[in-house]
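Take a look at the structure set out below.
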Amino acid sequence: MPSSPCLFSPLEKNISHLLVIICFPDKKDESGPIILHLDSLRFHHSSTVFSNIKSYLKEEWRYMNQEVVPTDFPIPDRIWKRLDRRIEEKIIAVPQQKNDYDCGLFVLFFMERFIQEAPERLKKKDLAMFGKKWFRPEEASDLRKKIRTILMDEFQNVFKSGHISESSSLSSDLGSYGAISFSRLGGLSTNGLHFECHIAQAKEVRVQPEKFGSEKVT
């Protein structure tokens, strides 16, 4: 369990993506971790997502209890001793995608906007920054064009460096090239983060969500 302000955990299930953000408040706040569930399709049961993430946090907690906890750890001793009972869950209302295949783009955009706008240590009162009008859905969908442009630029650079033959088709070489790490995403601010883009043969997938019961969102 790290001492960083938050952890991003993009998840995929049933060909649909969502984002979980685990936030660690400042030590003086006397509160435990907050798990945020962001889903642009409302496709996944939050109860299952929270259960899986909490199981991970509790296992980490049990493991770390066998060692000396660092003095700069953000969770107060009083909270730490009962951490398994002090993990909070929040279903976050977010803009919804207008199709059934942009969930990965929305996950990327959730992370970007969170990095740009969230305070270093998120508190419960800061959850007001989210909402269905947090951004326009088109902004997330437009990432496709930006990422495509970056990919083409990067592969052109690879062609020039001689790592991929100009005579080979780009599509046949993508799989052998594997993955590319980027420190930028077009005009996007990444605050020094590095994004790894795995290349695979893509196709549009139509998702048919099951009818789940409605869940209360904040």
Legend entry - Rounded FRET efficiency, nearest 0.05, which uses the C-beta distance separating residue 144 from residue 11 and R0 of 25 Å: 0.75
Inset, instruction - Using per-residue counts of other Cβ atoms within 10 Å, averaged over each peptide, order 55-65, 92-102 from highest down. - result: 92-102, 55-65
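Order the peptides 103-113, 151-161 from the highest to the lowest mean number of other Cβ atoms within 10 Å of their residues. Kindly include the intermediate steps, with their values, before the conclusion.
Values: 103-113: 21.5, 151-161: 12.8.
Per-residue Cβ counts within 10 Å, averaged per peptide and sorted highest first, yield 103-113, 151-161.
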Legend entry - Euclidean distance of C-alpha centroids, region 74-108 and region 1-67, integer Å: 6
Legend entry - Ordering of 117-127, 139-149 by packing [mean C-beta count within 10 Å, highest first]: 139-149, 117-127
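Pull out the extension gain between residue 58 and residue 120, defined as 0.36 nm times the separation in residues minus the alpha carbon to alpha carbon distance; nm, one decimal. It would help to have the intermediate numbers written out before the result.
Details: separation 62, 0.36 × 62 = 22.32 nm, distance 2.36 nm.
Once the chain is fully extended between residue 58 and residue 120, it gains 20.0 nm.
Distance cut-off 29 Å, Cα to Cα: go down the list 98/160; 54/132; 28/90 and report the pairs above it.
Values: 98/160 39 Å; 54/132 26 Å; 28/90 21 Å.
Over 29 Å apart, Cα to Cα: 98/160.
The numbers here are math on the coordinates, done by the rules we state, and not lab data. Everything numeric in this text was worked out from a predicted model, so none of it was measured. Glycine also receives a Cβ, built like all others from the backbone with ideal geometry; neighbour counts cover every protein chain displayed.
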